[in-house]
Amino acid sequence: MPRLPPEPQIDWADEGVPRAVAFGDVYFSRSGGLAETEAVFLAGCGLPQAWESRDRFALCELGFGTGLNVLALWRAWKKTRLPHAQLHISTIEAFPLARADAARALAQFPEVADLAAKLLARWPVRTFAPQRIWFEEDGLALTVFTGEAETILAEMASARFDAWFLDGFAPAQNPAMWSPQLLRQVARLSASGARLATFTVAGEVRRGLEAAGFAVEKKPGFGRKRERLEARLAVRPPDVGAPIYPCAPCHPKRVAILGAGIAGAACAQALARRGVETVVLDAAPELGAGASGNPAGLVMPRLDRGGVLAPFHLAAYLHAVAAYEALGVLERCQVEQRAEARSAEALADLLADPPLPHDWLEARDGAALHVRAGLVRPLKAIAAMLRGASLMCEAPVEALERAGAGWVLRAPDGRAMLKADAVVLACGAALARFAAARFVPIALSRGQIEWGRGRAPAHAMTRGSYVAPFDGGVLFGATFDKVNELAGEEADEAALSSARKRNLAALAKLAPEIAESVDEGALRSRAACRATTPDRAPIAGLVPDAEAWLNQYAALAHGGRIETDAPPPAHAGVYVIGGLGARGLTSAPLLGELIAGEMQSDPPLLPRAARDALHPARFLHRALKRR
Ligand code: SAM
């Protein structure tokens, strides 16, 4: 399968209504697409009445198409929502429309022109990565999944959608979108009482829905269509194969975040947009201890040829670019990623079949040019992300103590500092101080960068090391030096000067003409420790109760089966984000969004396999399998 999703071929001959050539069907009806959406889908799901008294409502659409249904939902939501209520729309599309085609289609609906302009300005990128787009002013989160509907649904971790729009092309032309297996997934991912609407009353769709547990009802159709379908799922089917990695929402009102680095700040921002109060505590006297005190860092993607984390890395990059652009802190200098000897074949393969479209990724002389990538100054980004949070500096937390359903944070002298409903450990290496997280295998690596006068490159370049244009000069690095626990985290003078020599040597190899222009005497250096994990993937999730977890799942050590339905043991309300390594600026915004969403039981963002590969419980699981 190609790494880019297929583009649909559109025929516009039909009175300006887009028709998908491959399916011989239209995206919306000739006789008033918006009115049809309202009559078939919104009314079919009992909207807007169904969400009128709800703080949160989650809906899933199969067939994003032009986004017209989303605009109709958005318009109705704006008019009728409770202040502070949030609507999550998840939508799935296998053949993403180009922005220009969507714009052409939506231009026919002046009633929603303002919303269409906002959606088109943030039109999803054609790539196999989930994309969550927030329209915070309206309490609306749109999550677009790209791929075959049945596969995307099957890969989704547990969800409780309140309503469904089934808007694939007609079943006769597109049976894959209406299969009994797909409809069973719809039921699995529904809340009890979920409503479903569709334009078709085809017998196999009705039978498939009934077999999945829905009660179906034919209703008078819209326009030239005689009938439409409404369905309701009284009781959701029981979960089969309960997850063994903990993920229980805690719906907090106040969250304490330990660590005011990029991970903590991103999490605070994601919680603030959900109306949750956040207090961010850091042991340092001011912002910018650790790697976040570096003058700047690169935001660029990790490209994987495949594997469960490939969609995560793409999604993280897209999310980071959008987040930093929205905050006005991305300096889009572009990044040319050149192949290192050991990865030359992989990069060539990726360029021959790229996972991102041309306006994001260009092949140039055997290198990948990341057109939208750039530099971020972490302090600026963190300050912007913390706008909605309370910040406490010089506030080291020594221990967490259960207090009712929440947690009390204790200072080193035993004093109670704060009570919160949930805690996020985003404190890098300090994670190991907390008994609950001691099982997490974090290692430290010291990274040093240099910056100062020199000829600024036209764009940043990387090949293991990197150089970027910075304040009219250059910024380059970075070293990876294992931190010896005994020697401590601080680098001494000798270590700093050895690291500088290695950085200069690496620059001379990467960009000799720039290396020659560098004014070595005026260079500045900074070294900071990054937290890394043995599998080089970051860690994000609810912290399992290690001992109880290992006991509960001990049978896995001998290839045994899990007999219990008991939820995976966890320190309820304690989350971790860590091990971001050298990619913290790129991965933090999405990880923050992931954790904030899980606290609130928002619909899933990542495929289950990717989600599991980031979960802290994976280390316990591996330890069991090794026994
Ligand atoms: N709701 C859309 C709108 O508001 O414009 C119209 C949807 S159109 C009738 C059907 C959509 O389903 C198309 O965009 C098509 O590409 C998509 N589609 C078709 N087969 C699919 C599949 N197997 N998985 C996911 N999407 C599919």
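When N counts the residues of region 95-189, how does its alpha-carbon radius of gyration compare numerically with 2.2 N^0.38 Å, as a ratio?
That ratio works out to 1.21.
Given 4 °C and 1.567 mPa s, compute D for region 23-95 with the Stokes-Einstein relation, Rh being the Kirkwood radius over Cα pairs; round to the nearest whole µm²/s.
Estimated diffusion coefficient is 100 µm²/s.
Would you please give the FRET efficiency between S390 and A248, computed as 1/(1 + (r/R0)^6) with r the Cβ-Cβ distance and R0 = 25 Å, to the nearest 0.05?
My answer for the efficiency is 0.45.
List every residue whose amide H lies under 5 Å from the amide H of A157, counting only residues 5 or more places away in sequence or on a different chain, with H placed 1.01 Å from N in the peptide plane.
R608
Which whole-number percent gives the relative contact order of the chain, counting Cα pairs below 8 Å spaced six or more residues apart?
The normalised contact order for the chain reaches 14 percent.
Given the convex hull over the Cα atoms of region 483-627, what projected area results after averaging over all orientations, in nm²?
Orientation-averaged projected area of the Cα hull: 13.1 nm².
What is the sum of charges, Lys and Arg at +1 and Asp and Glu at -1, for the other residues whose Cβ falls under 14 Å from the Cβ of V21?
On the way: positive: R19; negative: E7, D11, D14, D25, D101.
That sum, taken over residues with Cβ under 14 Å, equals -4.
Output the Cα-based Rg and Dmax of region 156-278 in Å, rounding Rg to one decimal and Dmax to a whole number.
In Å, with Rg to one decimal and Dmax whole: 19.6, 59.
What is the Rg over Rh value, at two decimals, for region 178-247, using alpha-carbon atoms and the Kirkwood definition of Rh?
Numbers: Rg = 13.9 Å, Rh = 13.0 Å.
Rg/Rh: 1.08.
What are the ³J(HN,Hα) values, in whole Hz, obtained from phi via the Karplus relation 6.51 cos²θ - 1.76 cosθ + 1.60 with θ = phi - 60°, for each residue of region 123-128 in sequence order, with x given for Gly and Pro?
Couplings: 4, x, 6, 6, 7, 7 Hz.
Place a point 7 Å from Cα of E513 in the direction of its Cβ. Which residues in region 444-481 have their backbone N less than 13 Å from it?
Under 13 Å, as judged by backbone N against the label point of E513, lie 455-459 of region 444-481.
Could you work out how much longer the chain between H558 and L624 gets when fully extended? Use 0.36 nm per residue separation minus the Cα distance between them, nm to one decimal.
Result: 22.9 nm gained on full extension.
Separation between the D471 and R455 pseudo-spin-labels, each 7 Å from Cα along Cα→Cβ, expressed in nm?
Result for the modelled spin labels: 2.2 nm.
Applying 1/(1 + (r/R0)^6) with R0 = 56 Å to the Cβ-Cβ distance of R402 and A13, what FRET efficiency is obtained, to the nearest 0.05?
Working: r = 67 Å, r/R0 = 1.19.
It comes to 0.25.
Return the inverse of the average 1/r over all pairs of distinct C-alpha atoms in the chain, which is the Kirkwood hydrodynamic radius, in Å to one decimal.
Numbers: mean 1/r = 0.0385 Å⁻¹.
Every distinct Cα pair counted, the radius reaches 26.0 Å.
Please list, short to long, the whole-number percent of alpha-carbon pairs of region 376-435 in consecutive 10 angstrom bins beginning at zero.
18, 47, 28, 6, 0
Consider a paramagnetic label point 7 Å from the Cα of R54 along Cα→Cβ; state which residues of region 206-247 have an amide N under 16 Å from it.
Inside the label zone: 231-236.
Excluding G147 itself, what net charge comes from residues whose Cβ is under 15 Å from its Cβ, given Lys and Arg +1 and Asp and Glu -1? Please list the in-between numbers first.
Values: positive: R3, R126, R608; negative: E7, E61, E93, E148, E150, E155.
Net local charge, G147 excluded: -3.
For the pair R226 and D138, what calculated FRET efficiency results from E = 1/(1 + (r/R0)^6), where r is the Cβ-Cβ distance and R0 = 35 Å, to the nearest 0.05? Don't skip to the answer; put the middle values down first.
Numbers: r = 35 Å, r/R0 = 1.01.
According to the calculation, E is roughly 0.50.
Using the Kirkwood radius over Cα pairs, work out the Stokes-Einstein diffusion coefficient for region 301-451 at 20 °C and 1.002 mPa s, in µm²/s as a whole number. Walk me through the numbers on the way to the answer.
Numbers: Rh = 19.2 Å.
Answer, rounded: 112 µm²/s.
In deg cm²/dmol and to the nearest 500, what is the mean residue ellipticity at 222 nm of the chain if only DSSP H runs of at least 4 residues count, each as -39500 (n - 2.57), divided by the residue total?
It comes out at -8000 deg cm²/dmol, rounded to the nearest 500.
Throughout, read-outs are computed from the coordinates displayed, never taken from laboratory work. Note that this is a predicted model, so its numbers are computed, not measured. Reconstructed Cβ throughout: ideal geometry from the backbone, glycine too, with neighbour counts over all protein chains shown.
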